[in-house]
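Structure first, commentary second.
The values are calculated or read from the model by the stated rules, or taken from the named source; none is laboratory data. Everything numeric here is computed off the predicted structure, so don't read it as measured data. Quick reminder, even Gly has a Cβ in these numbers, built from the backbone with ideal geometry, and neighbours come from all protein chains shown. Please note that ligands, DNA and RNA were not included when accessible areas were found on the heavy atoms of the full protein model with its side chains. Shrake-Rupley method; radii C 1.70, N 1.55, O 1.52, S 1.80 Å.
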Amino acid sequence: MATPLQLGFQDAASPVMEELIHFHDHALMVVYLISSFVLYIIITLVMTKLTNKHAHDSQEIEIVWTILPAIILIVVALPSLRILYLMDEINNPHLTVKAIGHQWYWSYEYTDYKDLAFDSYMVPTQDLAPGQFRLLEVDHRMVVPTESPIRVLITADDVLHSWAVPALGVKMDAVPGRLNQTTFVTSRPGIYYGQCSEICGANHSFMPIAVEAVPLTHFENWSTSMLETT
């Protein structure tokens, strides 16, 4: 959960988000080193009165400042491509959930069950219980088991939406007439919040996402109780 004046990312709740945070720190260090080196060169050029006439037309310098940026780009690109393939890989998911975006709420269908589906609306401010978060709490959370690969099929019923949960490193567009998919694995139990990240209309910021990760036995009890009520 994000906090006021927070400068960094939320704590990672999935292996992919941990990799994304590590890559962010890696790329930021590269940017910091380049910025420091360029600042040093600028200060040196401004402060010194000495010049080297051989530096104005040097093939060696041309070679260095052509090859060095290419090496830096490779150092940044290789970890990025690795994470990109990790995020796209979906092997033998234990559970498949279909998320459908509407104006302005989400619907969830557990396709591995026959009649397990529900709508998820934002809880109005006046109905919030103590400890619940305004504009983020929903009446029905998407419940998933921990440490299990979860596949989410994402689409929309009317306009463009986007299903995003920052702590899980998940963000996928919901497009009418198109079925996108993403996957995640929750590392620990908890409630992870997100919001529609597409400008889908007037109430775009009022269709939150709440993913509740619970141990497998608790998930089985929840699914059984949901099927009995339906």
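Tabulated values for the structure
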read-out: Single residue of the range 11-33 satisfying the filter (among the hydrophobic types (A, V, I, L, M, F, W, C) and open to solvent by 70 Å² or more (accessible area, probe 1.4 Å)) that is nearest to Gly190 (Cα to Cα); value: Leu28
read-out: Total residues in the range 184-230, condition under 24 Å from the mean Cα position of the chain (by Cα) and charged (D, E, K, R); value: 3
read-out: Selection count, the range 149-166, where residues are within 20 Å of Asp11 (Cβ to Cβ) and not in a strand (DSSP E or B); value: 1
read-out: Residue tally, condition free of Cβ contacts under 8 Å to residues at least 40 places away in the same chain and on the phi > 0 side of the Ramachandran plot, over the range 128-169; value: 1
read-out: Given (1) under 18 Å from the mean Cα position of the chain (by Cα); (2) touching a residue at least 40 places away in the same chain (Cβ under 8 Å); (3) open to solvent by 30 Å² or more (accessible area, probe 1.4 Å), number of the condition Met172 does not satisfy; value: (2)
read-out: Any hit, the range 102-120, residues being in contact with a helix residue (DSSP H, G or I) (Cβ under 6 Å, 6 or more places away or on another chain) and modelled with pLDDT of 90 or more; value: yes
read-out: Number of the exception - Leu39 against (1) in a helix (DSSP H, G or I); (2) under 30 Å from Met142 (Cα atoms); (3) of a type in the set (A, V, I, L, M, F, W, C); value: (2)
read-out: Residue list for the range 115-127, filter: without any contact (Cβ under 8 Å) to a residue 40 or more places away in the chain and not in a strand (DSSP E or B); value: Tyr121, Val123, Pro124, Thr125, Gln126, Asp127
read-out: Extreme residue, surrounded by the fewest Cβ atoms within 10 Å (Cβ to Cβ), among residues of the range 153-164 that are modelled with pLDDT of 95 or more and β-branched (Val, Ile, Thr); value: Thr155
read-out: Unique match (being open to solvent by less than 90 Å² (accessible area, probe 1.4 Å), farther than 19 Å from Ala174 by Cα and not assigned by the TED database to the domain that holds Cys196) among Pro124, Pro149, Pro69, Pro145; value: Pro69
read-out: Flag if Leu135 is under 22 Å from Gln6 (Cβ atoms) and crowded, with 17+ Cβ neighbours inside 10 Å; value: no
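Rundown of residues vs (1) part of a helix (DSSP H, G or I); (2) more than 30 Å from Asp119 (Cα to Cα); (3) among the β-branched types (Val, Ile, Thr), yes/no style:
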{"position": "Leu68", "(1), (2), (3)": "yes, yes, no"}
{"position": "Val75", "(1), (2), (3)": "yes, yes, yes"}
{"position": "Leu78", "(1), (2), (3)": "yes, yes, no"}
{"position": "Tyr85", "(1), (2), (3)": "yes, yes, no"}
{"position": "Ile90", "(1), (2), (3)": "no, no, yes"}
{"position": "Pro93", "(1), (2), (3)": "no, no, no"}
{"position": "Thr96", "(1), (2), (3)": "no, no, yes"}
{"position": "Ala99", "(1), (2), (3)": "no, no, no"}
